[in-house]
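As structure tokens, the structure follows; a few thoughts come after it.
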Amino acid sequence: MNNPFRIPFDEVKFSLSNNELSVSSPWVSIEAEIEEGSISSSDLQLPLKYEKGNIQALLEHLQEYCLFYDEPRKNLLKAKDFLEPEVWPFENKDILKYRINRYSYDPITAFQLLQKDSLLQQCETKNNVYKNLELRLKKSPEDFKSSLIFLLNQTYYITENFSKVVHPDKKMAEGLSCFSREIYEEEVGHHKLILQSLKALGADPDLDQVAQPTKDLIQIVSEAFQNSALGFALVNSSLEGNHYPAEDPLSKIIKQSPFKDAAKGIDAHFKINKEANHKDTGLKIAASLTHYLGPEEIFYVINLTKRLQKIFFDIDASFINFIKKE
């Protein structure tokens, strides 16, 4: 099989100074030294000549950072459904980028472009949460502690219930049976690590602190798992993140506080996810699908992604509201 033709997202920018390459996007920035002569400044001038072999090799080298999408393939099996929604979400400007024809949509390209939409929204709201948490720490260690307990209750609820809704004995969408047991076994028991962090703060899980959007997130995980392999791949990807920094950002903030022991469970959870490379599970699911998506499913997945983005926004808003009430 030929290597896929990779096209950088519009939001990704490249620059070169001597042999130092800079790559920036709203969700990640990278500095790397490259081999002399492998890429020139003219190669990176806009419009980017991404069809050149050296640019394709660069994108392949940087593939873990979600910087590009693959050109839709032309060798998949015919889509299994041909129902057209009454109203198409034409406001999704990327839809034509993963469409082969009116009835055929490449699942990998759709995954990559819809994942990018989620990243744009998440990187903004997550930064707000961590920024506010740091402000709480500067204001008062006790205020920080109560805010951290609230955040950890959301994480505990998600990790405790995720494995329940993806249990291999549950009803699942076509295409997930070869992944379900592995995903379940990788995720089951992770809530115990978050419990360790809660206990370090002298707290127990408190269902009354779990925000409604957090409960809605588990509902959308369950729905996607039952209805669409690509939909579930996108939900899973949103939960796992797009790349692993050197350190969990929440743990990094906790270690600046008097409650350093609370970082241990979070660090253990982060290490498991990083070593097992959970961030790539969604793309693996999308890559395993052998049929094009039909218009009915792509409509469902686009709308699922929009609902998911709103849920993440509402989860983060619930944290801000919690702070205001204190």
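The values are calculated or read from the model by the stated rules, or taken from the named source; none is laboratory data. Note that the coordinates shown come from a computational prediction; the quantities given were computed from them, not determined experimentally. All Cβ positions, glycine included, derive from the backbone under ideal geometry; neighbour counts span all protein chains shown.
Structure data summary
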| read-out | value |
| --- | --- |
| Boolean, Phe162 is closer than 15 Å to Leu207 by Cβ and assigned by TED's automatic domain parsing to the domain that holds Ser238 | no |
| Yes/no for Phe319 being buried (at least 18 other Cβ atoms within 10 Å of the Cβ), in contact (Cβ under 8 Å) with a residue 12 or more places away in the chain, not in a loop (DSSP other than H, G, I, E, B) and not assigned by TED's automatic domain parsing to the domain that holds Val28 | yes |
| Criterion (in contact with a helix residue (DSSP H, G or I) (Cβ under 8 Å, 6 or more places away or on another chain) and surrounded by fewer than 15 Cβ atoms within 10 Å (Cβ to Cβ)) met by exactly one of Glu35, Glu20, Glu11, Glu31 | Glu11 |
| Residue list for region 235-269, filter: in a helix (DSSP H, G or I) and without any contact (Cβ under 8 Å) to a residue 24 or more places away in the chain | Ser251, Lys252, Lys260, Asp267 |
| Given (1) touching a residue at least 60 places away in the same chain (Cβ under 8 Å); (2) outside any helix (DSSP H, G or I); (3) of a type outside the set (A, V, I, L, M, F, W, C), number of the condition Glu296 does not satisfy | (2) |
| So Asn236, is it surrounded by 18 or more Cβ atoms within 10 Å (Cβ to Cβ) and touching a Cys at 6+ places or on another chain (Cβ under 8 Å) | no |
| Filtered residue count, region 270-282, keeping only those that are in a helix (DSSP H, G or I), surrounded by fewer than 19 Cβ atoms within 10 Å (Cβ to Cβ) and hydrophobic (A, V, I, L, M, F, W, C) | 1 |
| Subset of region 177-234 (residues that are closer than 23 Å to Asn321 by Cα, in a helix (DSSP H, G or I), of a type outside the set (Ser, Thr, Tyr) and in contact (Cβ under 8 Å) with a residue 40 or more places away in the chain) | Ile194, Leu198, Leu207, Gln209, Gln212, Pro213, Lys215, Asp216, Leu217, Ile218, Ile220 |
| Residue match in region 126-133 (condition: at pLDDT 95 or above and out of contact with any Cys (no Cβ under 8 Å at 6 or more places or on another chain)) | no |
| Some residue of region 33-50 being at pLDDT 90 or above, in contact with a Pro (Cβ under 9 Å, 6 or more places away or on another chain) and assigned to a loop (DSSP other than H, G, I, E, B) | no |
| Hey, Ile298 at pLDDT below 95, farther than 22 Å from Leu62 by Cα and surrounded by fewer than 18 Cβ atoms within 10 Å (Cβ to Cβ) or not | no |
